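The values are calculated or read from the model by the stated rules, or taken from the named source; none is laboratory data. Values in this document were obtained by computation on a predicted structure and should not be read as measured data. Note that we place each Cβ from the backbone using ideal geometry, even for glycine, and neighbour counts take in every protein chain shown. Each accessible area value is taken on the protein alone, full model and side chains, heavy atoms only, with ligands, DNA and RNA left out. Shrake-Rupley method; radii C 1.70, N 1.55, O 1.52, S 1.80 Å.
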Amino acid sequence: MLKLIREKLSSGMGRDMVWTFSIQLLIMLCSFAINKLLASRLSIDDFGQYNVIKRSVQVLSFLMLAGVGIALPRYIPLYRNSNPPRRIAPLMSASFIYIIGVSLIVLIVCMLFSAQMEDIIIGQSDNMHLLIVALAYAFTLAMAQYVFAYYRGIGDFKWYNGSQLAMQLLTIIPLILLPLLTVGHVFMAWLAISIVLVACLAGRELRGKWLSLFTLQPSLFVTLIKYSSGRLIADFFQFSLAAFPLIYISNTQGLQITAYFSVGIFFVTMVTPIFSFMGIILLPYVSKALARSEMATANRLVNRLAITYIGTSMIFIGIIYIFTELLTTLLFSSDYVVTKDLTRIMILSILPQAIYMLYRNTIDAVSIIPYNAIFLGVCLLVMVVGFMLSSTLTHYAWTYLAVSTLQGILAWAAWMLLNKK
């Protein structure tokens, strides 16, 4: 058994797993530090507004990314392992133009309906300056994800994970150095940092390759639109699921209640990235297996990972459940300990969300049909109806858990169906 483990870890995929897992853990620790600094330095209302803007920016950035974050890790391995191999420069150029086009549409719509978007994205009216900062930050995050998707597609997981860790570390700096910290200061500083980082990464990859930007194949736009459009909708639904609870509660219950609910969401989202790390590798790995007709091997790996995911998620749930008060005090402050019962309900969502994160990438690798978009759309509809029928924070928490459970069940069922095919 030990020999088998050593052989797996010494393989190319094994090294990628170890590297990705290690860096993603560091990224998770950075998110702890960021959350602790913000919870300590901002008022409860400002912390609630910060969480609303953060979730809204995530939705907008992945909407602007236009599904390219999934398309590149799928098509780059397919192109490089096809017979004969195909050049990826035209694919990168078409993807970049596609992102710019979708981003412009999103920006125009947001500015045309700026009054409504201020309430949704910012959580308050008459703050056009902060809305513009949020939109600009969302676009730079989309461009960062475009670069990350390229690293993921070519299998360079050291740069994929390292560049993300660099971004996380840099975002901590202004939270420590700024003498007066406001929500506006946070996002303006993060906007400047993301612009510099994206420019440096893009400059590194395009050094001596600028002419490749002008290599276009019109047929690739059809390929991208056909595959990415469904993933674009899926990304929108996925991040809407993350953003909707806080946006809805901020508009119906106020920013203080939003801050309390965000504690439970934080405990879920601080763990789930650990499960998403394998999906980062699985999408290009399964795409390569598909190109080489080696799906039986990939399927065995997925089945083993499912058992590991279930066991690991149960351990995390148990630890957080037992030490809820201590962890809340450490990661937030004693003012948020009142949310312990709410948190203990919501952390049960870790298990079904872990299952979903395992299967979503394998589904996208083997199928052009956007199954994830369908599932997430159903889940978002259920969440909206559930929240509208809820009247207390406890009701909201149980609705959040029910939607997460549905999300995991649908992903598992889809993979079983595709497996038979």
>> open to solvent by 30 Å² or more (accessible area, probe 1.4 Å) and free of Cβ contacts under 8 Å to residues at least 60 places away in the same chain: is that true of residue 36 in this structure?
In response: no
>> Of the conditions (1) open to solvent by 50 Å² or more (accessible area, probe 1.4 Å); (2) without any contact (Cβ under 8 Å) to a residue 24 or more places away in the chain, residue 394 satisfies every one except a single condition; which number is it?
In response: (2)
> Does at least one position in region 125-140 carry a residue that is of a type in the set (D, E, K, R) and at positive phi?
Replying inline: yes
> Does residue 71 satisfy the criteria of being open to solvent by less than 40 Å² (accessible area, probe 1.4 Å), within 25 Å of residue 262 (Cβ to Cβ) and among the aliphatic types (A, V, I, L, M)?
Replying inline: no
> Tally time: how many residues in region 35-71 are under 16 Å from the mean Cα position of the chain (by Cα) and either in a helix (DSSP H, G or I) or at pLDDT 85 or above (or both)?
Replying inline: 19
>> I'd like to verify a number: residues in region 74-87 that are open to solvent by less than 30 Å² (accessible area, probe 1.4 Å) and free of Cβ contacts under 8 Å to residues at least 60 places away in the same chain, how many?
In response: 1
